[in-house]
Amino acid sequence: AWYVPCLASLETLQELCRKENLRCKSIGITNRNLKSYEVEYLCDYKVEEGTVYYLVKWKGWPESSNTWEPQKNLKCPLLLQNFLSDKNEYLSRVREGKALKVRNHIKALKPAVADYIVKKAKQRIALQRWKEELNRKKNHKAMILVENTVDLEGPPVDFYYINEYKPAPGINVINGITTGCECTDCPAEKCCPKEAGFILAYNKQKKLKIQPGLPIYECNSFCRCGPDCPNRIVQKGTPYSLCIFRTNNGRGWGVKTLQKIKTNSFVMEYVGEVITSEEAERRGQLYDNQGNTYLFDLDYDSDEFTVDAARYGNVSHFVNHSCDPNLQVFNVFIDNLDLRLPRIALFSTRTIKAGEELTFDYQMKGSIDLTSDSADGLSPSRKRIRTVCKCGAVCCRGYLN
């Protein structure tokens, strides 16, 4: 048996039901609300004979059903506030950013203003749905917010949120580990890190105490210790509420923390598709032409595999590069002890204030260093387009790769 998932939006299906006079409880159309009207957003404004009217887009109804309604009949103060805010924002941005005096007694909006207001309303709805989708799919308690006060860009197209590696066919990211530590109070002499020949990565405050370059071995699903074990940090997911936001300097989306993060704290895991290095080289050429960087080489022990977070990933997909970052990369082993396939965790390098953008150095990934010296020795097919860095750090190297 097979099926094709429905690609139509909930609103499209609701519109179809109402047009055809159909009921469908699963999408919220019942006898009770089949003919009901709820304001989705406001499209336009006019004044006729001293009465203020707004053009209303009704939720679950096509735009052809929009109607002009007197303001006194509207019981949607937040939507009215959004409408006025979007109108004033547009008027203040015209003429190359020179602020104009906003008149409060205009009788009608120019088409360009109304068009912007509608686009902004649709964007607001799309970003809200995206936020709800992200929070449904995440596997940790902390919230994910979405914010764009810069432009009309909506949710990314062709991006799918995942919580763990998505292996390409033929790649096994779980090596069938069948044993764990027997500790009742980790860490003990026979705890997982010591069995692997390394020290416990965390101190009593559950903060990182090892130097960059050393691996982290956490207790796994076969260990006797419980979920409160101090050696279970990365596997629990990010503990901080984060916000995916639109940057104002041409770097696209970014991520900022909504909570203070202390030094050496686990922040998030970098996940995506696990592919071979050969496939990564092929995709890398395409990404370079687009000016994107999502390939993360798993080169702890070898360079056989790469993580590609372009289409599949989590919040880390949106974390920008900086030559002076506040996050550091560490290799983590939990239920897979294959040295070729470590999990990638990002830890804070210093105290990060609430509202501050999170960044890491893309060259921490162990990718080929394409400086002017090393690039000369590569064949033409392996020379990569250099992506200009916009991190703004004092020590900026000028390029992402």
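Annotations
- The residue list LEU42, LEU78 contains one member that is free of Cβ contacts under 8 Å to residues at least 12 places away in the same chain and closer than 15 Å to ILE125 by Cβ, which is LEU78.
- Subset of the stretch 231-245 (residues that are open to solvent by less than 20 Å² (accessible area, probe 1.4 Å) and part of a strand (DSSP E or B)): LEU242, CYS243, ILE244
- Among all positions in the stretch 175-198, there is at least one residue which is under 23 Å from PHE360 (Cβ atoms), in contact (Cβ under 8 Å) with a residue 12 or more places away in the chain, part of a loop (DSSP other than H, G, I, E, B) and not polar (S, T, N, Q).
- Any hit, the stretch 109-125, residues being open to solvent by 30 Å² or more (accessible area, probe 1.4 Å), part of a loop (DSSP other than H, G, I, E, B) and of a type outside the set (A, V, I, L, M): yes
- Every residue from the stretch 344-365 that is part of a strand (DSSP E or B) and open to solvent by less than 10 Å² (accessible area, probe 1.4 Å): ILE344, ALA345, LEU346, PHE347, SER348, ILE352, PHE360
- When ASN292 is tested against the conditions (1) buried (at least 19 other Cβ atoms within 10 Å of the Cβ); (2) part of a loop (DSSP other than H, G, I, E, B), the lone failure is (1).
- Within the stretch 69-94, the residues that satisfy the criterion of being open to solvent by 40 Å² or more (accessible area, probe 1.4 Å) and either basic (Lys, Arg) or part of a loop (DSSP other than H, G, I, E, B) (or both) are LYS72, LYS75, ARG93.
- Scan of the stretch 125-140 for residues that are among the hydrophobic types (A, V, I, L, M, F, W, C) and touching an Asp or Glu at 6+ places or on another chain (Cβ under 9 Å), ordered by number: ILE125, LEU127
- Residue match in the stretch 210-222 (condition: polar (S, T, N, Q), farther than 30 Å from TYR116 by Cα and open to solvent by 30 Å² or more (accessible area, probe 1.4 Å)): yes
- When residues in the stretch 12-23 are screened for being in a helix (DSSP H, G or I) and open to solvent by 30 Å² or more (accessible area, probe 1.4 Å), 5 of them pass.
- Exclusive hit being within 29 Å of SER277 (Cβ to Cβ) and charged (D, E, K, R), set ASP151, ASP158: ASP158
- Residue in the stretch 153-160 that is on the phi < 0 side of the Ramachandran plot, in the same structural domain as ASP297 (by the TED database), surrounded by 14 or more Cβ atoms within 10 Å (Cβ to Cβ) and assigned to a strand (DSSP E or B) present: no
- Selected residue (criterion: most open to solvent (accessible area, probe 1.4 Å)) from residues of the stretch 256-281 that are free of Cβ contacts under 8 Å to residues at least 40 places away in the same chain and in contact with a strand residue (DSSP E or B) (Cβ under 9 Å, 6 or more places away or on another chain): SER277
- Residues that are among the hydroxyl-bearing types (Ser, Thr, Tyr), surrounded by 13 or more Cβ atoms within 10 Å (Cβ to Cβ) and part of a strand (DSSP E or B), drawn from the stretch 24-68: TYR41, TYR45, TYR53, TYR54
- Filter pass, ARG340 being modelled with pLDDT under 90 and part of a loop (DSSP other than H, G, I, E, B): no
The values are calculated or read from the model by the stated rules, or taken from the named source; none is laboratory data. This is a predicted model, so every value here is computed, not measured. Neighbour counts are summed over all protein chains in view; Cβ atoms, including those assigned to glycine, are modelled from backbone coordinates with ideal geometry. The accessibility values were calculated without ligands, DNA or RNA, using every heavy atom of the protein model including side chains. Shrake-Rupley method; radii C 1.70, N 1.55, O 1.52, S 1.80 Å.
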